[in-house]
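Q: Pasting a structure below so you can have a look.
The values are calculated or read from the model by the stated rules, or taken from the named source; none is laboratory data. The structure presented is a predicted model; accordingly, all values stated were derived computationally and were not measured. Here Cβ is always computed from backbone atoms with ideal geometry, including for glycine, and neighbour counts include all displayed protein chains.
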Amino acid sequence: DAGVIQSPRHEVTEMGQEVTLRCKPISGHDYLFWYRQTMMRGLELLIYFNNNVPIDDSGMPEDRFSAKMPNASFSTLKIQPSEPRDSAVYFCASSPLMGPAAKQYFGPGTRLTVT
Amino acid sequence: TQLLEQSPQFLSIQEGENLTVYCNSSSVFSSLQWYRQEPGEGPVLLVTVVTGGEVKKLKRLTFQFGDARKDSSLHITAAQPGDTGLYLCAGGGSGGSNYKLTFGKGTLLTVNP
């Protein structure tokens, strides 16, 4: 299996521009998670999906952020308009189940720089 | 909000030394996971502990979950340069249908040859 695939790996954009991050989870995994990692705040859960349905978006910082999962093999995280404080590494992860022993498989991340 | 504090934040040691890193919280977790993250990559799960007092060993790594399920430690024996990385602990939710993970900020370990 190829693992979780994220694109692009690096994104540099100017403040005010729209940014779209993409994720392909591991086939057969019913759960998909979007995280953001910064030095100051560590790794934070933004939103997660179960069977393509958003379950918990309480970590989404504000209305500028939106996430979709149109089918079981694709998800996007969109920031519009982007701001310098959005600069971070964004990770997508997937899991076949959810529970105390569930293992999350992380993608390599997208490093976003907003200037 | 459940918070996990990891210490130390940074640790630099020589090859062959032993070390322990800690993960503490005032909240009770249903499970505790440890991940290792290398530069430019996503975190990779090392172990999951679910029972208070549980101890798990993975080669030279020993993981312990506190009796009250509020804290955990990771002990590495005879560290090697390949152990270098960011070690993250993550607590699983309080149960029910929501087991989303809360991550600590991590301990950045450097093992010098």
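Q: Select from region B:91-111 the residues that are crowded, with 18+ Cβ neighbours inside 10 Å and part of a strand (DSSP E or B) and list them in ascending order.
A: B:Gly91, B:Gly92, B:Leu101, B:Thr102, B:Phe103, B:Thr107, B:Leu109, B:Val111
Q: Could I ask something else about it? Is it the case that some residue within region A:45-65 is over 25 Å from B:Glu5 (Cα atoms), under 10 Å from the mean Cα position of the chain (by Cα) and away from every other protein chain (no Cβ under 14 Å)?
A: No, because not a single residue in region A:45-65 is over 25 Å from B:Glu5 (Cα atoms), under 10 Å from the mean Cα position of the chain (by Cα) and away from every other protein chain (no Cβ under 14 Å).
Q: Can I ask one more? Going residue by residue through region B:26-41, is there one that turns out to be buried (at least 16 other Cβ atoms within 10 Å of the Cβ), more than 10 Å from chain A (Cβ to nearest Cβ) and not hydrophobic (A, V, I, L, M, F, W, C)?
A: yes
Q: Are there any pairs, at least 6 apart or on different chains, whose C-beta atoms fall under 7 Å, with the first in region B:44-70 and over 16 Å from A:Gly99 (Cα atoms) and the second among the basic types (Lys, Arg), and if so, which?
A: These pairs meet every condition: B:Val44/B:Arg36; B:Leu46/B:Arg36; B:Gly52/B:Arg69; B:Phe63/B:Lys56.
Q: Also, quick follow-up: Here are A:Leu112, A:Leu77: which of them is away from chain B (no Cβ under 14 Å), in contact with a helix residue (DSSP H, G or I) (Cβ under 7 Å, 6 or more places away or on another chain) and within 18 Å of A:Thr20 (Cβ to Cβ)?
A: One residue alone meets the criteria, A:Leu112.
One line per residue, one yes/no per condition, for (1) polar (S, T, N, Q); (2) out of contact with any strand residue (DSSP E or B) (no Cβ under 6 Å at 6 or more places or on another chain); (3) farther than 11 Å from B:Cys89 by Cβ:
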residue	(1), (2), (3)
B:Leu19	no, no, yes
B:Leu32	no, no, no
B:Glu41	no, yes, yes
B:Val50	no, no, yes
B:Glu54	no, no, yes
B:Gln64	yes, no, yes
B:Asp67	no, yes, yes
B:His75	no, no, yes
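Q: Select from region A:55-77 the residues that are of a type outside the set (A, V, I, L, M, F, W, C) and part of a strand (DSSP E or B) and list them in ascending order.
A: A:Asp56, A:Ser66, A:Lys68, A:Pro70, A:Asn71, A:Ser75, A:Thr76
Q: If A:Ser82 passes every condition in (1) within 14 Å of another protein chain (Cβ to nearest Cβ); (2) part of a loop (DSSP other than H, G, I, E, B); (3) in contact with an Asp or Glu (Cβ under 9 Å, 6 or more places away or on another chain) but one, which one does it miss?
A: Among (1) within 14 Å of another protein chain (Cβ to nearest Cβ); (2) part of a loop (DSSP other than H, G, I, E, B); (3) in contact with an Asp or Glu (Cβ under 9 Å, 6 or more places away or on another chain), A:Ser82 violates only (1).
Q: Another question, then. Scan (1) under 19 Å from B:Arg36 (Cβ atoms); (2) out of contact with any Pro (no Cβ under 6 Å at 6 or more places or on another chain) for the single condition A:Thr113 breaks and write down its number.
A: (1)
Q: Now, a different point. Among the residues of region A:85-104, which ones are buried (at least 17 other Cβ atoms within 10 Å of the Cβ) and within 8 Å of chain B (Cβ to nearest Cβ)?
A: Selection gives A:Phe91, A:Ala93, A:Met98, A:Pro100, A:Ala102, A:Gln104.
Q: Is there any pair with a first residue in region A:72-90 that is modelled with pLDDT of 95 or more and a second that is among the hydroxyl-bearing types (Ser, Thr, Tyr) and surrounded by 16 or more Cβ atoms within 10 Å (Cβ to Cβ) whose Cβ atoms are under 6 Å apart and which are 6 or more apart or on different chains, and what are they?
A: Close Cβ pairs satisfying both conditions: A:Ser82/A:Thr13; A:Tyr90/A:Thr110.
Q: Which is within 12 Å of chain A (Cβ to nearest Cβ), under 10 Å from the mean Cα position of the chain (by Cα), crowded, with 18+ Cβ neighbours inside 10 Å and among the hydrophobic types (A, V, I, L, M, F, W, C), of B:Leu88, B:Leu46, B:Leu74?
A: Result of the check over B:Leu88, B:Leu46, B:Leu74: B:Leu88.
Q: State all residues of region B:58-73 that are assigned to a strand (DSSP E or B) and within 21 Å of B:Pro8 (Cα to Cα); if no residue qualifies, say none.
A: Matches in region B:58-73: B:Leu61, B:Thr62, B:Phe63, B:Gln64, B:Phe65, B:Asp71, B:Ser72, B:Ser73.
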